[in-house]
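Notes for the one structure printed next.
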Amino acid sequence: MDSYPDWVEDTDVRVLCKDCTAECCKHVAIPLETPEDADDWQAIADYLNYEGMSVYKDHDGDWLVECKTRCNQLDDNRCMAFKENMQPMTCREYDMHTCVMNSPGDYFTIMFTRPEEVVAHAKKKGFVVNPVLPNDCEHECCNHVLIELDDPEEWRDFDDIRWYIAHKNTDVFKDEDGWYVRFSTPRKDRCTRCDTERCKYDSDEYDVHFRTWDDVEAYYKEYDIMPELPGLTLTSY
């Protein structure tokens with residue numbers, strides 16, 4: 001495959017894949033709609049109240065929400081899925097010449113890591129944003145962040161889901177409200193009630209729930225969603 005990572009010596013890069021600390025395998029980034037109003041900026045600020053979350057705008061003008069979480073396929077910074085030809089297309093298409101380790105500059109044009117940064121940025125655009133909403137269980141659960149997804153329709157959409165759920169503390173589900181990625185990461189000012197009793201916002205009632213690659217493969221077979229790459233291995237780890 002043309003997009004398969006190149007493990008040979010290459011003098012055009014500072015860090016080869018075989019020598020890398022696998023920074024690209026320790027996060028999940030999901031596209032967001034371009035923020036246009038106060039509610040959009042408030043949602044971005046809310047994400048940043050959780051551990052390991054950031055939001056940025058890349059050089060293509062796209063906005064993404066990022067969660068720092070290690071891929072389950074890593075074994076001492078080496079990819080087990082690569083060895084078995086199982087890696088998702090997001091990984092196959094990643095170019096070491098422009099990756100985060102070898103890019104000549106930052107991969108973002110705007111980066112937010114704290115709610116206060118969003119408040120200041122939104123204020124310049126004429127929007128009022130609260131850095132921290134009341135932790136009264138009427139907003140996002142303090143144990144996880146939900147990111148809404150567009151309804152997956154094609155094989156590639158489900159392959160993206162394979163990439164999401166390859167990472168620790170990440171699952172994807174569909175309920176009556178739509179499709180979501182869930183990052184299990186604590187709110188920075190979380191309450192302790194969830195340590196002693198079941199959160200009323202947690203539910204086991206899903207129309208679809210993906211936690212492992214086996215779950216996605218079973219869905220492929222049930223709905224006859226065939227991979228577009230002949231010979232691609234889908235079997236779970």
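The values are calculated or read from the model by the stated rules, or taken from the named source; none is laboratory data. Because the structure is predicted, anything quoted here is derived from the model rather than measured. Neighbour counts are summed over all protein chains in view; Cβ atoms, including those assigned to glycine, are modelled from backbone coordinates with ideal geometry. All accessible areas refer to the heavy atoms of the entire protein, side chains included, with ligands and DNA or RNA removed. Shrake-Rupley method; radii C 1.70, N 1.55, O 1.52, S 1.80 Å.
In terms of Cα to Cα distance under 30 Å, which lysines are near enough to Lys68, apart from those fewer than 8 places away along the same chain?
Of all the lysines, those that pass the test against Lys68 - Cα under 30 Å, at least 8 places apart if same chain - are Lys18, Lys26, Lys57, Lys83, Lys123, Lys124, Lys125, Lys168, Lys174, Lys188, Lys200.
Tyr50's amide H: which non-local residues (gap 5+, or another chain) put their own amide H closer than 5 Å, with H modeled 1.01 Å from N in plane and none for Pro or chain starts?
Under 5 Å from the amide H of Tyr50: Lys188.
May I ask you to list the trypsin sites (Lys or Arg not before Pro) in region 95-129 that are in a DSSP loop and have at most 13 other Cβ atoms within 10 Å of their Cβ?
Lys125
What shape does region 18-68 have by the C-alpha gyration tensor, where a ≥ b ≥ c are the square roots of the eigenvalues, rounded means a/c under 1.5, and otherwise prolate means a/b greater than b/c and oblate the rest?
Because a/c hits 1.5 or more and a/b fails to exceed b/c, region 18-68 counts as oblate.
Give the ranking of Glu116, Glu222 by solvent-accessible surface, highest area first, calculated with a 1.4 Å probe.
The most accessible residue leads, giving Glu222, Glu116.
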